[in-house]
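S.K.: Sharing a structure with you now.
The values are calculated or read from the model by the stated rules, or taken from the named source; none is laboratory data. For clarity, every value in this text was computed on a predicted model and none was experimentally measured. Using ideal geometry, Cβ is built from the backbone for each residue, glycine included, and neighbour counts are taken over all protein chains shown.
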Amino acid sequence: MCADILNLASELQKLEKNGIDYIHIDVMDGHFVPNLMLSPQLADQTRMVCNLPYDYHLMVDRPENIIPTLRLHPGDIVSIHAESTVHLQRAAAMIKASGATAAVALNPATPLEFLRDILPDIGMVLIMTVNPGFSGQKLVPQTLLKIERCRAMLDSLGFTDISIQTDGNCSFENIPKMLKAGADNFVVGSSSLFDPAYTIKTAAEKLRALDLSENI
């Protein structure tokens, strides 16, 4: 979403060259969020120039209609919003059947309790630290405590292997706070990796200098 769409091939190659671990792809339908963004077809075409695993974030109504259009590879992740479907378990099962890791995303005001009965079917929780739809937003402060409570909930229920991803204002300043709260996977966009004050190379170096987990 934050990359230069007119030079997408070279942007992806720069990300791969500079040690980024996943390509986070925002798929938006203009209904679930008030924005339109990358189509599954375009994302699939970029596989010709990028060998990294893809991390699809489906900000769409009824994601079970979109999942079959994704050409998923081993190592890919697909996040579906708990708020977007009444068939959350079915959608997660579809992702698992494809060989990818299923994840559930929660908007800032969505309670963690929505996760309890889906935990056996997922490998990651995506905590939205801004309201989804647009880059460049400020962190919703209470989401830091939500990350903490999510980690505690997962561990108390025996799901210590489920990772927590954060998406929204993952800046050089906020990532250490998110890590301390319990996140281990960060979607880096306009506030860090694509900050115009840096090149992708220098921004990636600055992220690595934070000495965090490997999942940037």
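S.K.: Just to be sure before I move on: is Asp4 farther than 27 Å from Glu205 by Cβ, surrounded by fewer than 21 Cβ atoms within 10 Å (Cβ to Cβ) and charged (D, E, K, R) in the structure I sent?
M.R.: The answer is no for Asp4.
S.K.: Also: What's the number of the condition Leu126 fails, among (1) modelled with pLDDT under 95; (2) assigned to a strand (DSSP E or B); (3) not polar (S, T, N, Q)?
M.R.: So the condition that Leu126 fails would be (1).
S.K.: Among the residues of segment 59-95, which ones are assigned to a strand (DSSP E or B) and in contact (Cβ under 8 Å) with a residue 40 or more places away in the chain?
M.R.: Met59, Ile77, Ser79, His81
S.K.: While we're looking at this one, here's another question. Looking only at segment 103-127, how many residues end up being of a type in the set (Val, Ile, Thr) and in contact with an Asp or Glu (Cβ under 8 Å, 6 or more places away or on another chain)? Can you show your working first?
M.R.: Step one: filter segment 103-127 for residues of a type in the set (Val, Ile, Thr), giving 104, 110, 118, 122, 125, 127.
Remaining after also requiring in contact with an Asp or Glu (Cβ under 8 Å, 6 or more places away or on another chain): 110, 127.
Qualifying residue count, segment 103-127: 2.
S.K.: Restricting to segment 162-188, name every residue that is assigned to a helix (DSSP H, G or I) and touching a residue at least 24 places away in the same chain (Cβ under 8 Å). Quick ask: steps written out before the conclusion?
M.R.: Residues of segment 162-188 assigned to a helix (DSSP H, G or I): 174-181.
Passing the criteria: Asn174, Ile175, Pro176, Lys177, Met178, Leu179, Ala181.
S.K.: Let me ask you something else. Within segment 96-109, can one find any residue that is at pLDDT 95 or above, part of a helix (DSSP H, G or I) and either crowded, with 23+ Cβ neighbours inside 10 Å or of a type in the set (Phe, Trp, Tyr) (or both)?
M.R.: no
S.K.: Restricting the search to segment 1-31, which residues are in contact (Cβ under 8 Å) with a residue 60 or more places away in the chain, farther than 18 Å from Arg208 by Cβ and in a loop (DSSP other than H, G, I, E, B)?
M.R.: Met1, Cys2, Ala3 - these are the residues of segment 1-31 that are in contact (Cβ under 8 Å) with a residue 60 or more places away in the chain, farther than 18 Å from Arg208 by Cβ and in a loop (DSSP other than H, G, I, E, B).
S.K.: If you go through segment 36-47 one residue at a time, do you hit one that is over 30 Å from Ala209 (Cβ atoms), within 15 Å of the chain's Cα centre (by Cα) and part of a strand (DSSP E or B)?
M.R.: No, segment 36-47 contains no residue that is over 30 Å from Ala209 (Cβ atoms), within 15 Å of the chain's Cα centre (by Cα) and part of a strand (DSSP E or B).
S.K.: If Lys201 meets every condition in (1) at pLDDT below 95; (2) assigned to a helix (DSSP H, G or I) apart from one, which number is that one?
M.R.: Single failed check for Lys201: (1).
S.K.: Evaluate segment 147-154: report whether one residue or more is part of a loop (DSSP other than H, G, I, E, B) and either farther than 19 Å from Ile67 by Cβ or at pLDDT 95 or above (or both). First the steps, then the outcome.
M.R.: Filtering segment 147-154 down to residues part of a loop (DSSP other than H, G, I, E, B) leaves none.
No, that holds for no residue.
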